[in-house]
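Student: Once you've had a glance at the structure underneath, I'll fire off some questions.
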């Protein structure tokens with residue numbers, strides 16, 4: 001499966017990197033290898049671990065085609081990093097964020113719901129692909 005990097009994903013990555021939420025080592029040793037597993041979705045064992053991969057939901061309703069990658073206690077700040085992924089014909093990286101509380105999670109899921117619809121309509125900016 002091809003992995004599409006959207007402008008939303010790139011912008012959120014750059015913002016988190018600028019805020020030093022994770023290190024270059026965290027990215028190279030943990031985040032990027034896990035994201036590259038999307039190439040073989042759903043065959044990598046990590047996709048059966050709900051502490052790493054789960055359906056995205058808003059107010060108890062699953063978002064069609066929406067999933068989250070989750071990393072716990074990442075980096076020096078021990079953050080809870082989330083990456084929203086739209087699993088449509090390809091894997092669309094939509095946004096990364098730090099989960100701090102349920103309100104933050106709900107706001108991010110509302111954005112994700114909108115972004116999934118925009119992707120379905122072809123109204124997104126592609127910044128690259130991970131083949």
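No lab work stands behind these numbers, since they all come straight from the coordinates. Predicted model only: the values in this text are computed from it and were never measured. Note: ideal-geometry Cβ built from the backbone for every residue, glycine included; neighbour counts use all protein chains shown.
Okay, residues lined up against (1) in contact (Cβ under 8 Å) with a residue 24 or more places away in the chain; (2) in contact with a helix residue (DSSP H, G or I) (Cβ under 6 Å, 6 or more places away or on another chain); (3) over 20 Å from residue 109 (Cα atoms):
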{"residue": "6", "(1), (2), (3)": "yes, no, no"}
{"residue": "10", "(1), (2), (3)": "yes, no, no"}
{"residue": "17", "(1), (2), (3)": "no, no, yes"}
{"residue": "51", "(1), (2), (3)": "no, no, no"}
{"residue": "54", "(1), (2), (3)": "no, no, no"}
{"residue": "62", "(1), (2), (3)": "no, no, no"}
{"residue": "94", "(1), (2), (3)": "yes, yes, no"}
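Student: Kindly check whether there is at least one residue in segment 23-44 that is assigned to a strand (DSSP E or B) and surrounded by fewer than 19 Cβ atoms within 10 Å (Cβ to Cβ).
Tutor: No, because not a single residue in segment 23-44 is assigned to a strand (DSSP E or B) and surrounded by fewer than 19 Cβ atoms within 10 Å (Cβ to Cβ).
Student: Go through segment 2-22 and give me each residue that's under 16 Å from residue 69 (Cα atoms) and assigned to a loop (DSSP other than H, G, I, E, B).
Tutor: Within segment 2-22, just 22 meets the criteria.
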